[in-house]
Amino acid sequence: YWPSAGGVQIVTKYLCEELVSRGHSVTVLTSLVDDRPREESHNGVQIIRFYEKDIFKIHTGDKGNFQNTLLEMKDEIDCLVTVCAQSFASEWMWGIMDWLPCKKVLYMHGMRSPHLNIKKISGIKKFLKELLLVPWWRLYFKRNWKYIIKYDSVVHLFKNDTSYNYFVEKGYINKVVT
């Protein structure tokens, strides 16, 4: 989230600020950024940051404090949106998901394909990387599917998207929004 300026962060910022402009209270739980305070408000959006580190696609950090913060806020939350299944916020929320009585929405912004597509690979280094990551992500989604199906809705950017296609392959289309 802000001040990070990647595509997902910017879209999330726009959505949050639009909700605030329509009278909603919005709190974002996000990664701790070195030069930002742990808690602050930006354009009406409350921001709480947590230390997290991605080590070989495994999220480590202040998971307990993150979960306690969500549990303390649970009676005030009417809708919880997590961005990307493989984000630290989604993964850390899954362990307490059943204790959060609000609607839960997973906003996917694509995902690594669970299939090796040799046509899109150029060079031996990229090939080796894909050879490792494709089975890793296939296993990741297989292992965590039990949490993903608990969401009330899943939002995909468009129908010709790797995440949308994966969810359709798995038969998970009743709760999908594009």
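The values are calculated or read from the model by the stated rules, or taken from the named source; none is laboratory data. The structure presented is a predicted model; accordingly, all values stated were derived computationally and were not measured. Positions of Cβ are generated from backbone atoms using ideal geometry, with glycine treated the same way; all protein chains shown enter the neighbour counts. Side chains are part of the model used for accessible areas, which takes the heavy atoms of the whole protein and leaves out ligands, DNA and RNA. Shrake-Rupley method; radii C 1.70, N 1.55, O 1.52, S 1.80 Å.
General remarks:
- Subset tally (residues that are within 22 Å of residue 109 (Cβ to Cβ) and either of a type outside the set (Asp, Glu) or loosely packed, with under 13 Cβ neighbours inside 10 Å (or both)) for the stretch 31-55: 11
- Single unsatisfied condition, residue 163 versus (1) within 11 Å of residue 85 (Cβ to Cβ); (2) open to solvent by 30 Å² or more (accessible area, probe 1.4 Å); (3) not hydrophobic (A, V, I, L, M, F, W, C): (2)
- Any pair with Cβ under 6 angstrom, 6 or more apart, that starts in the stretch 89-109 at a residue that is free of Cβ contacts under 8 Å to residues at least 60 places away in the same chain and open to solvent by 20 Å² or more (accessible area, probe 1.4 Å) and ends at one that is hydroxyl-bearing (Ser, Thr, Tyr) and assigned to a strand (DSSP E or B): 105/153
- On inspection, residue 121 does not qualify as of a type in the set (Val, Ile, Thr) and either open to solvent by 60 Å² or more (accessible area, probe 1.4 Å) or touching a residue at least 24 places away in the same chain (Cβ under 8 Å) (or both).
- The set of residues in the stretch 132-151 being of a type outside the set (Val, Ile, Thr), open to solvent by 30 Å² or more (accessible area, probe 1.4 Å) and either in contact (Cβ under 8 Å) with a residue 24 or more places away in the chain or not in a helix (DSSP H, G or I) (or both) consists of 136, 138, 145, 147, 150.
- Some residue of the stretch 13-22 being free of Cβ contacts under 8 Å to residues at least 60 places away in the same chain, touching a Leu at 6+ places or on another chain (Cβ under 9 Å) and exposed (fewer than 14 other Cβ atoms within 10 Å of the Cβ): no
- Test: residue in the stretch 110-124 that is at pLDDT 85 or above, within 14 Å of the chain's Cα centre (by Cα) and assigned to a loop (DSSP other than H, G, I, E, B): no
- Filter pass, residue 154 being at pLDDT 85 or above, of a type in the set (A, V, I, L, M), in contact with a strand residue (DSSP E or B) (Cβ under 6 Å, 6 or more places away or on another chain) and open to solvent by less than 40 Å² (accessible area, probe 1.4 Å): yes
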